[in-house]
1. Which of the residues that make up the range 135-157 are touching an Asp or Glu at 6+ places or on another chain (Cβ under 6 Å) and touching a residue at least 60 places away in the same chain (Cβ under 8 Å)?
2. Within the range 266-291, track down each residue that is open to solvent by 40 Å² or more (accessible area, probe 1.4 Å), within 21 Å of residue 238 (Cα to Cα) and touching a residue at least 40 places away in the same chain (Cβ under 8 Å).
3. Can residue 126 be described as touching a residue at least 24 places away in the same chain (Cβ under 8 Å) and in a loop (DSSP other than H, G, I, E, B)?
4. In the list 35, 62, 26, 12, which residue meets the criterion of being out of contact with any strand residue (DSSP E or B) (no Cβ under 6 Å at 6 or more places or on another chain), closer than 19 Å to residue 287 by Cβ and aliphatic (A, V, I, L, M)?
5. For the range 226-247, name all the residues that are open to solvent by 50 Å² or more (accessible area, probe 1.4 Å) and either of a type outside the set (Gly, Ala, Ser) or over 14 Å from residue 269 (Cα atoms) (or both).
6. Residue 204 passes all but one of (1) of a type outside the set (D, E, K, R); (2) at pLDDT 95 or above; (3) open to solvent by less than 40 Å² (accessible area, probe 1.4 Å); (4) within 16 Å of the chain's Cα centre (by Cα); which number fails?
7. I'd like the full set of residues that are open to solvent by less than 60 Å² (accessible area, probe 1.4 Å), part of a helix (DSSP H, G or I) and either out of contact with any Phe, Trp or Tyr (no Cβ under 6 Å at 6 or more places or on another chain) or aromatic (Phe, Trp, Tyr) (or both), limited to the range 292-306.
8. Looking only at the range 9-24, how many residues end up being touching a residue at least 12 places away in the same chain (Cβ under 8 Å), open to solvent by 20 Å² or more (accessible area, probe 1.4 Å) and among the hydroxyl-bearing types (Ser, Thr, Tyr)?
Amino acid sequence: MWDPAGRDQWLAATTQELRMGRYSLAGELLADRQAHEDVRDYRYLILAQIAASNGVDTAWLAEVPDSTEALLLRLRTNVIRALQAHRAQHPKAEGLVELAKAQCMEAAERFPEDPLPWIALLQLAPAAPDNIPGPPELAIAGPWRTMGQLWRRDPWNREAHHRLLTAVGPKSGGSVSAVSGVAHWIVSQAPTGSALLVLQLVAFIEAFRHQLEQNNLNKILLTYRNWSTAYAEQETERCYTQWFAANGGTGALLPDLHHLAHALWAGSQWQPASQVFDAIGPYALTTPWSLHGNPEQVLLMARERCMSGV
């Protein structure tokens, strides 16, 4: 099942409704403050990706202009539209980026305790960089002013730190080494049970993706072997034991589970990988499997190999 909602059945039902231009379920889902902040952020992101293509965010806000949820969904949707225009080098891209940036700041002022406007601003960073030198122990330029605002509101926010990696990476004019350095810095401080322990695995993926884009066969083969190095095994085991096993997979978001399953498979750690595939269930994602070829074929092959080793 190619559904980013995974086991979040409420989100899955809402995405179906939103695709049809209806938003009553979205209002209920996004108003659910019982959900962990990471789950809330992820729900907004998935719904915004749908709204960016069908404009349902505009219709919702026009009908219910006082809705906080409609306003924040429009914000996240406009950030996606601005990034799409930026990547396509559309003539209106600069105006869309400035509009999205202004909306982020307006929302931050209106909802001063909410990390979501700052996450949206971080997402916009590839098109609207605001880099300054990093902390003394991390000489890497990045959107540290925005991160400071986030840390005051939600120090271990999952999506914010993923956005930080993107902001210092090659797609934003940075480097793979910057991604690795920032990921290592964050993971070294993250508490047991934090989904941020996945970030080092994301850095491995970014290094592999970069070599694929460079089309350097020797470096691609070398990067494949990187998942079997002592360092990669250590970081993958740390993520498995201190995050996945510590929580039993409870509350884990689907992209994080796929990154861990992929790292365990690539490092030939079949037995722990089988536990992660159990938690994933039938819910498939393209990333990171598409980096190795047809994502469906690669994912099914990896899953069968790991499950057969149990």
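1. Within the range 135-157, the first condition is being touching an Asp or Glu at 6+ places or on another chain (Cβ under 6 Å), and the residues that meet it are 143, 154.
154, the sole residue that qualifies.
2. 268, 270
3. On the way: touching a residue at least 24 places away in the same chain (Cβ under 8 Å): yes; in a loop (DSSP other than H, G, I, E, B): yes.
It is true that residue 126 is touching a residue at least 24 places away in the same chain (Cβ under 8 Å) and in a loop (DSSP other than H, G, I, E, B).
4. Working: 35 fails: closer than 19 Å to residue 287 by Cβ; 62 fails: closer than 19 Å to residue 287 by Cβ; 26 fails: closer than 19 Å to residue 287 by Cβ.
Exactly one of 35, 62, 26, 12 is out of contact with any strand residue (DSSP E or B) (no Cβ under 6 Å at 6 or more places or on another chain), closer than 19 Å to residue 287 by Cβ and aliphatic (A, V, I, L, M), namely 12.
5. Looking only at the range 226-247, we keep the residues that are open to solvent by 50 Å² or more (accessible area, probe 1.4 Å), and these are 226, 228-231, 233-234, 237-238, 241-242, 245-247.
If the condition is that a residue be open to solvent by 50 Å² or more (accessible area, probe 1.4 Å) and either of a type outside the set (Gly, Ala, Ser) or over 14 Å from residue 269 (Cα atoms) (or both), then 226, 229, 231, 233, 234, 237, 238, 241, 242, 245, 246, 247 are the ones that fit.
6. (2)
7. Within the range 292-306, the subset open to solvent by less than 60 Å² (accessible area, probe 1.4 Å) is 292-293, 295, 298-299, 302, 306.
Still in the running and part of a helix (DSSP H, G or I): 292, 295, 298-299, 302, 306.
The one that is open to solvent by less than 60 Å² (accessible area, probe 1.4 Å), part of a helix (DSSP H, G or I) and either out of contact with any Phe, Trp or Tyr (no Cβ under 6 Å at 6 or more places or on another chain) or aromatic (Phe, Trp, Tyr) (or both): 292.
8. Going through the range 9-24 one residue at a time, the tally reaches 1.
The values are calculated or read from the model by the stated rules, or taken from the named source; none is laboratory data. Just so we're clear, the structure is a prediction, and the values are computed from it rather than from any experiment. Heads up, the Cβs are rebuilt from the backbone with ideal geometry, glycines too, and the neighbour counts pull from every protein chain shown. The protein model used for the area step is the full one, side chains on, heavy atoms only, and it has no ligands, DNA or RNA in it. Shrake-Rupley method; radii C 1.70, N 1.55, O 1.52, S 1.80 Å.
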